[in-house]
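Engineer: Structure incoming, see below.
The values are calculated or read from the model by the stated rules, or taken from the named source; none is laboratory data. Computed from a predicted structure; not experimentally measured. Methodologically, a virtual Cβ is constructed for each residue, glycine included, from the backbone with ideal geometry; neighbour enumeration extends over all protein chains shown.
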Amino acid sequence: MQLQLERPLAFIDLETTGLSVARDRIVEIAILKISPDGSKTMRTHRVNPEMLISKESTSIHGISNEDVATEPNFKDLAPSLFKFLFACDLGGYNSNKFDVPMLVEEFFRVGIEFDFQERKLVDVQNVFHKMEQRTLKAAFKFYCGKDIENAHSAQADIEATYDVLIAQLEKYNELEPNVNFLSDFSQYQKTADIMGRIVFDEKGRECINFGKHKGKPVEEVFKKEPGYFGWLMHGDFPKSTKKVFKDIMDRIKANSN
């Protein structure tokens, strides 16, 4: 079955120094871009993260500090990657929670604002969890009847992810093979920031999705507790999340003048 695409869909898989979007860095990126005509383009890059890779991460993906010591850093790759992903919707496995937020954060660090709000996001893991509740390895075995060779290499994982999505579309008649449907289906809640720290309520208001103010409108919290904004700006949050908070604060100030 072929996906029905209005614009390219880029599947992304990252290997990183660790699991913190705010602190860690990319060490390998693989992108499989599917064009509306069904043609595929693959790009894979090793990246010098300019920080140490944790032993735990190396034990999973097999990439050591020595392996990336002479590779380009993300800043060197960013212009080409941004151009390659221009006007693409984005997909992956657990990509809404990790790969896309991490990639957006890396672009922010080098001064490129990567707007995810204009893109459809297809998370194959969320489709899988809604239908079967398993891992990528189990999903590939379940849907495709095969084991992943070189699991936890970015390219092997992203190729398996694409194969799983196609198999899901063939298995479940209720799934529509277009990105608009799959993006909506693989979302649990509409978010204002890529990390899901700010979500929209039923009235379309941005609400905090963590901590003591969880569920409260951001504007209401900022007006009642101005110091909370300062705490957020100095906290361990991704730059992309801080920008959304800052935009809301700027909006409050503009409306009060």
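Engineer: Please specify each residue of the range 103-159 satisfying the condition of being modelled with pLDDT of 90 or more and at positive phi.
Structural biologist: G111, G145
Engineer: Do we find that G235 is modelled with pLDDT under 95 and at positive phi in this structure?
Structural biologist: Details: modelled with pLDDT under 95: yes; at positive phi: no.
So G235 fails the test.
Engineer: Let me ask something additional. I'm told I53 meets every condition in (1) more than 22 Å from N178 (Cβ to Cβ); (2) surrounded by fewer than 19 Cβ atoms within 10 Å (Cβ to Cβ) except one. Can you identify the failing condition by its number?
Structural biologist: (2)
Engineer: Kindly indicate whether Q125 is out of contact with any helix residue (DSSP H, G or I) (no Cβ under 8 Å at 6 or more places or on another chain), among the polar types (S, T, N, Q) and under 24 Å from E6 (Cβ atoms).
Structural biologist: Working: out of contact with any helix residue (DSSP H, G or I) (no Cβ under 8 Å at 6 or more places or on another chain): no; among the polar types (S, T, N, Q): yes; under 24 Å from E6 (Cβ atoms): yes.
The answer is no for Q125.
Engineer: Now a separate question. Looking only at residues in the range 7-22 that are of a type outside the set (A, V, I, L, M, F, W, C) and either within 22 Å of L136 (Cβ to Cβ) or modelled with pLDDT under 95 (or both), which one is surrounded by the fewest Cβ atoms within 10 Å (Cβ to Cβ)? Walk me through it before giving the result.
Structural biologist: Taking the range 7-22 first, the residues of a type outside the set (A, V, I, L, M, F, W, C) are 7-8, 13, 15-18, 20.
Now restrict to residues that are either within 22 Å of L136 (Cβ to Cβ) or modelled with pLDDT under 95 (or both): 13, 15-18, 20.
Numbers: D13: 28, E15: 23, T16: 26, T17: 23, G18: 15, S20: 13.
Filtering first and then ranking leaves S20.
Engineer: Quick one: how many residues across the range 168-224 are assigned to a loop (DSSP other than H, G, I, E, B) and of a type in the set (V, I, T)?
Structural biologist: Looking only at the range 168-224, we keep the residues that are assigned to a loop (DSSP other than H, G, I, E, B), and these are 172-177, 186-190, 192-197, 201-205, 209-210, 214-216.
When the remaining residues are screened for being of a type in the set (V, I, T), the result is 194.
Residues that pass the stated criteria total 1.
Engineer: For the range 56-112, list the helices (runs of 4 or more DSSP H) that sit wholly inside it and hold at least 3 residues that are more than 18 Å from T17 (Cβ to Cβ) and touching a residue at least 12 places away in the same chain (Cβ under 8 Å); which are they? Walk me through how you get there before you give the answer.
Structural biologist: Numbers: elements: 65-68, 74-85, 100-109.
The helices (runs of 4 or more DSSP H) meeting that bar are 74-85.
Engineer: Being closer than 29 Å to D24 by Cα, among the aliphatic types (A, V, I, L, M) and outside any helix (DSSP H, G or I) is the requirement here; does M233 meet it? Don't jump to the end; show me each part of the working.
Structural biologist: Details: closer than 29 Å to D24 by Cα: yes; among the aliphatic types (A, V, I, L, M): yes; outside any helix (DSSP H, G or I): no.
Considered against the rule, which asks whether it is closer than 29 Å to D24 by Cα, among the aliphatic types (A, V, I, L, M) and outside any helix (DSSP H, G or I), M233 comes out as no.
Engineer: What pairs can you find where one residue is in the range 113-133 and more than 15 Å from M195 (Cβ to Cβ) and not assigned by TED's automatic domain parsing to the domain that holds P101, the other is among the aliphatic types (A, V, I, L, M) and in a loop (DSSP other than H, G, I, E, B), and their Cβ atoms are less than 8 Å apart, with a gap of 6+ or different chains?
Structural biologist: none
Engineer: When D193 is evaluated against the numbered criteria (1) out of contact with any His (no Cβ under 8 Å at 6 or more places or on another chain); (2) under 23 Å from E15 (Cα atoms); (3) in the same structural domain as K120 (by TED's automatic domain parsing); (4) crowded, with 21+ Cβ neighbours inside 10 Å, which criterion, by number, is the only one it fails?
Structural biologist: (3)
Engineer: Oh, and also: Looking at the range 113-160, which of the residues that are assigned to a helix (DSSP H, G or I), more than 20 Å from the chain's Cα centre (by Cα) and not charged (D, E, K, R) is farthest from I29 (Cα to Cα)?
Structural biologist: Within the range 113-160, the first condition is being assigned to a helix (DSSP H, G or I), and the residues that meet it are 124-131, 136-144, 154-160.
Those still in the list that are more than 20 Å from the chain's Cα centre (by Cα) too: 131, 138, 140-144.
Filter again for not charged (D, E, K, R), leaving 131, 138, 140, 142-144.
Numbers: M131: 28, A138: 23, F140: 20, F142: 26, Y143: 25, C144: 24 Å.
My answer is M131.
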